[in-house]
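See below for the structure under consideration.
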Amino acid sequence: EAFIPKIIEVNYIEGSGDKRWSSYDFPWTKELEVNNKKVFGNHSFRPNQREIINASMSGCDVFVLMPTGGGKSLTYQLPALIRPGITLVISPLVSLIQDQIMHLLQANIPAAYLSANMEWAEQQEILRELNSDYCKYKLLYVTPEKVARSDNLLRHLDNLHFRELLARIVIDEAHCVSQWGHDFRPDYQGLGILKQKFPNTPVLALTATATASVKEDVVQALGLVNCIIFRQSFNRPNLWYSVVPKTKKCLEDIDKFIRVNHFDECGIIYCLSRMDCEKVAEKLQECGHKCAFYHGSMDPAQRASVQKQWSKDEINIICATVAFGMGINKPDVRFVIHHSLPKSIEGYHQECGRAGRDGQRSSCILYYNYSDYIRVKHMLSQGAIEQSSMTSGYNRSNMINSGRILETNTENLVRMVSYCENDVDCRRLLQLAHFGEKFNSSTCQKTCDNCLKITSFIEKDVTEIANQLVELVKLTGQRFSSSHILEVYRGSLSQMVKKHRHEIVSLHGAGKHLAKGEASRILHHLVVEDFLGEEVKKSDFYGSVSSILKVNEPKVRNLFAGQRIILRFPSSVKASKPGKSDATPAKGSLTSEKLNVMQIDPPSPQTEVDHILSA
Ligand code: ADP
Ligand code: MG
Ligand code: ZN
């Protein structure tokens, strides 16, 4: 191999649950309380807000994992307000920034932003103010390319820092740093320069979406020191999740679903392409829904107008690409429908997260078929997919990396497919496992399709298979991703398998007889239970990353010493396979009925299952 993989070691300290940070005895506690009420109009703090603020104001680097809508902005806006100096905020999207600044100015907090596509004179004006002896701004927002490409800005920051006026550096949507994230932005990787230049200025990194690998990537790339991590459960109990076979009658299914369950309520339908958005919107309009489309090739004024109509409830439904959503703050979104396969579980979780901000029950329905997987994969390879936050498009350094990015994207997509094809496990458990969070399925209370349809289980001893999988990871040198290991185990003869001559490994094909998805379930279980670890590998010159499985020896010793692994499988139910059901209209319409029943008046689950089976 031409490169030596470097395993990253990251130091961080768990902050959630540490009593120190929830103390009311900080010198600034009183001021926090007063301003939270008076300026921001909040009655109290939400979970972790006070703790994050206290840790950050104590001068620590802080990493925050908080679901969308959890209230991350307050954790830097409030300190910015009550401390001297200026807070630098890096945020990926100009529209997000403008929205924030509007709110700040409404609250009488002086704030400004700089972005590359701003008038030169206007930029000069702001820079001049930064230089002035008494700079009025409390917050300065910039897009990441400003930091990466403007020496002028860095000089001004230097100057602020020299005058002890650079209070804090905030990296919002910090997952954009990582190629593992669904929103990778190359310019975010250059942000490490900030910590290098201003090692004593506290950094606050915020995101709503980070797997273990993304988290380590972010901490590493930003150079955070002894960083304190605050995280909270990503489970959203009021969202009901379902995956439904996508058929030729998909649009009729969607129409019916909305009419029966969410008539005249507000929702988002995510579509893969711009054309899909327009097609779906047109069809739903014909069906009498107040509906519009939203995508990247509309001009900004058009987009703003659609978004505004939607915010004001003049339109109920928006058919959009993933370009729509970041920073959307409408509390009463009652449903999020995915008309086609999302690109990653993280992206999916985030998109669903736009529903039910007000805590009321809301639906998340994903229409899945296997041919969409092929379609998305093809579009990924063409770079033809609209990115949720790409404003500046791909640049050169990104192009150099594009091979690796494609690999990462494909891996993310494969995981999404296995989520869709899983008809056994709780959807919440599957999503949360992806964020490194353990979840007890019984807490789901039948609010996902899988928990709903499975009424009885048999317990199966899968220790043998688990042993084989662990063995296979070892046999292949602990250098491959889970999807590769599964390919080998199931006996694939793909290019990748052949390239590494894995078709001659002794366990190649040992899992051939297993039902599809079973091996992957067991492998994921091994990861969640820590028998296997997933490690990020920074592999080459350009800093690209991949995720590889490693064996956790001490834990695995128990496994080989006779510890059994028992997993639950549905017993009687021949669960309906969501995959590969391209052209079975009857099944499609039945599925909508099934959903209708589930959403409105959950019957006894057994009737439900009988109903499906009698189809
Ligand atoms: P995030 O960035 O985590 O997605 P935001 O910072 O945009 O979330 O906040 C989401 C919404 O929650 C905003 O409307 C904000 O005003 C509101 N909010 C934040 N903190 C509180 C609080 N302590 N009490 C009430 N509302 C809050
Ligand atoms: Mg935010
Ligand atoms: Zn469930």
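Computed from the coordinates by the stated procedures, all read-outs in this text should not be read as laboratory data. From a predicted model like this one, the values you see are computed outputs, not experimental measurements. Note that each Cβ is placed from the backbone with ideal geometry, even for glycine, and that neighbours are counted across all protein chains shown.
Please work out whether the stretch 173-252 counts as rounded, prolate or oblate from its C-alpha gyration tensor, where a ≥ b ≥ c are the square roots of the eigenvalues and a/c under 1.5 means rounded, while otherwise a/b larger than b/c means prolate and anything else oblate?
Judged from the Cα gyration tensor, the stretch 173-252 comes out prolate (a/c at least 1.5, a/b above b/c).
Whole Å is fine, so just give me how far the alpha carbon centre of the stretch 98-143 lies from that of the stretch 266-283.
Value for the Cα centre distance between the two parts: 36 Å.
Too long at a 21 Å Cα-Cα cut-off: which of Lys215/Lys446; Lys248/Lys290; Lys460/Lys512; Lys474/Lys555; Lys215/Lys555?
Lys215/Lys446; Lys248/Lys290; Lys215/Lys555, as the Cα separations exceed 21 Å there.
What does the net charge come to around Leu475 if you take all other residues with beta carbon closer than 13 Å to its beta carbon, with K and R at +1 and D and E at -1?
+1
Can you tell me the relative contact order of the stretch 238-396? Whole percent, Cα pairs under 8 Å, sequence separation 6 or more.
About 31 percent, as a whole number.
Counting other Cβ atoms within 10 Å, which trypsin sites (Lys or Arg not before Pro) in the stretch 227-262 have at most 16 and lie in a DSSP loop?
Loop-located and lightly packed - Lys248.
For Gly491, what charge total do you get from the other residues with a beta carbon under 10 Å from its beta carbon, if Lys and Arg give +1 and Asp and Glu give -1?
In short, 0.
What are the ³J(HN,Hα) values, in whole Hz, obtained from phi via the Karplus relation 6.51 cos²θ - 1.76 cosθ + 1.60 with θ = phi - 60°, for each residue of the stretch 473-478 in sequence order, with x given for Gly and Pro?
4, 5, 4, 8, x, 6
Filter the GluC sites (Glu not before Pro) in the stretch 121-175 to those in DSSP coil with at most 13 other Cβ atoms within 10 Å of their Cβ, and list the result.
Those that pass, being in a loop and sparsely packed, are Glu164.
What does the charge count near Lys438 come to, summing +1 for each Lys or Arg and -1 for each Asp or Glu among other residues with Cβ under 14 Å from its Cβ?
Within the 14 Å Cβ shell, the charges total -2.
Enumerate by residue number the chymotrypsin sites (Phe, Trp or Tyr not before Pro) in the stretch 15-66 meeting two conditions: DSSP loop (anything except H, G, I, E, B), and at most 15 other Cβ atoms within 10 Å of the site's Cβ.
Sites meeting the loop and neighbour criteria: Tyr24.
Looking at this model, which pairs from Lys146/Lys195; Lys256/Lys312; Lys146/Lys343 are more than 19 angstrom apart at the alpha-carbon?
Lys256/Lys312; Lys146/Lys343
Tabulate in residue order the Karplus-calculated ³J(HN,Hα) for the stretch 212-219, using 6.51 cos²θ - 1.76 cosθ + 1.60 with θ = phi - 60°, rounded to whole Hz; enter x for Gly and Pro.
These are the phi-based 3J(HN,Hα) values: 4, 5, 5, 4, 5, 4, 5, 4 Hz.
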